[in-house]
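Q: Mind having a look at this structure? Questions to follow.
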Amino acid sequence: MNKKKVNKKNNFKIIIMSLIILIFIICIIYNVISLFINPSDTFMIDNGQILSSQEAEGYIIRDEKLFQGENYKNGISQIKSEGQMVAKGDPIFRYYTNNEKKLVEKIADLDIQIQDAMEENNNIYSSDIAVLEKQINENILLITTTNKLSNIKEYKKKIDEDLTKKAKLIGELSPSGSYIKKLVSQRTKYEEQLNSGSEYIKATVSGIVSYKVDGLEENLKTDNLENLSEEYLENLNVKTGEIISTSEEKGKIVNNYYCYIATILNSPEAKNAQINDKVELTLSTGDSVKASIEYISEQENEKRLIVFKITNCVDKLIEYRKISFDIIWWRVNGLKVPNSSIIRENNNTYIIRKRVGYSDKILIKVLKESKNYSIIDNYTSIELKELGYTAEDIRNMKNISLYDEILLNATD
């Protein structure tokens, strides 16, 4: 009898333990399923950022002056290289003369003869020659330590100039009728013929030299933005990201202080944009630049032609006429919360804060809202007074702060 009672008691304990284990397992399964269905019903406030951005394509409009001489069919010899700064009056380039090839060959042949003669007459010395030799050696060293083509051209040009000066000095110091003096004299005559037959083009304004000429310099000008339209821009038939080829007939000076980017938009932000608004552009070069809206024109189908003005990275856009870029209409930092945590009622906004088992409904102001998140803040005492709250109300109000835990999908 006692044995039966013991067995019955043990069976009862087993049943109870089994029920407890079963309930525990059900709770675990429920919590796991809840995590997948609704990963979390709370959110911890943290500092963050929201922004409104848009992809666009735009046409580069520059303040640029085109230069073309009478002998443009002869081809260009660059005096200033692509991207080099020049002042007003500086020579930019020259056109080759008709017999230039023969003259250049004769000068090159004389240079070899002069160099050989100078090595045989190394007893001729002066302080001026020593300075030139030092400059020549320094520029030779600079050529070996750079891989930038424009720099190499500049250093080589200086070396040639200094070698010519050195040869003329040695010729002047040589005895009358000497071999070197005759060679130098002949070289000078060829050089004069070359220079006198060349057409030199000088800058009439200061800026950046460019030989990237696409024929649109007169179509897209900074002083006739009112002539732009969507149809006009499309009829230019310019490909996005296409690099402008180098001209052998013309050159230009580009104002490096600013340029414009004209684009056609129909986004809500574009429709609300106004002249002088400040935005941020991320260029196809990877650079982010500040920009301002210089011009707006209404187009068909509720589109707008908007012209942005930038004052940085102008030189990086010289080889392009049409680029892709991103517009960041606005960017706001602060306390970032999901929109699902915000309660709106009676023209006010609230969030529900959880703290130590208690929930508080807290009045907040929304500084900026994107699709999924908002940047929020507390009202100041002055703002609350303006909203009609009493001093007693304000003293009793609670504020949200960094790392507060708030409810998602909250309801009052």
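Q: If the cut-off is a Cα-Cα distance under 24 Å, which lysines reach Lys239, setting aside same-chain residues fewer than 8 apart in sequence?
A: Lys65, Lys212, Lys221, Lys250, Lys252, Lys303, Lys309, Lys316, Lys322
Q: For Ile129 and Glu105, what does the FRET efficiency come to when R0 = 30 Å and r is the distance between their Cβ atoms, rounded to the nearest 0.05?
A: Here the calculated transfer efficiency is 0.65.
Q: As a footprinting exposure proxy, order Leu228, Leu66, Leu19 by other Cβ within 10 Å, with the fewest listed first.
A: Leu19, Leu66, Leu228
Q: Just Gly241, Gly69, Gly388 to compare: in a GNM of the chain, with alpha carbon springs under 10 Å, which one fluctuates most?
A: Residue with maximal mean-square fluctuation among Gly241, Gly69, Gly388: Gly388.
Q: 222 nm [θ] for the chain, helices only, -39500 (n - 2.57) per DSSP H run of 4+, per residue, to 500?
A: Estimated from H runs of four or more residues: -11000 deg cm²/dmol.
Q: Quote to one decimal, in nm, the extra length available between Asp116 and Leu141 on full extension: 0.36 nm per residue of separation minus the C-alpha distance between them.
A: 6.8 nm
Q: Could you check which residue among Thr282, Thr390, Thr263 shows the biggest mean-square fluctuation in a GNM of the chain with a 10 Å Cα cutoff?
A: The residue that fluctuates most here is Thr390.
Q: What is the extension gain from Glu70 to Ser53, computed as 0.36 nm multiplied by their sequence separation minus the C-alpha to C-alpha distance, in nm to one decimal?
A: Contour length minus the Cα-Cα distance gives 1.2 nm.
Q: Then there is this: Show which aspartates and glutamates lie in cross-link reach of Lys371 when reach means a straight Cα distance below 15 angstrom and same-chain residues fewer than eight apart are skipped.
A: Filter leaves Glu269.
Q: On to the next question. Considering the chain as a Gaussian network with a 10 Å cut-off on Cα pairs, which listed residue, Asn301, Asn227, Asn139, attains the greatest mean-square fluctuation?
A: Maximum among the listed residues: Asn301.
Q: Can you give the relative contact order of the stretch 97-197 as a percent, counting alpha carbon pairs under 8 Å and 6+ residues apart?
A: Taking the mean separation of contacting Cα pairs over the length of the stretch 97-197, I get 40 percent.
Q: Sticking with this one: What's the exposure ranking of Ile76, Ile140, Ile352, going from fewest to most Cβ atoms within 10 Å?
A: Values: Ile76 22, Ile140 12, Ile352 19.
Taking fewest neighbouring Cβ atoms as first place, the list is Ile140, Ile352, Ile76.
Since every read-out is calculated from the coordinates, none of them should be taken as a lab result. Computed from a predicted model, the values in this text were never measured in an experiment. Don't worry about glycine lacking a Cβ; one is built from the backbone with ideal geometry, like all the others, and counts go over all protein chains shown.
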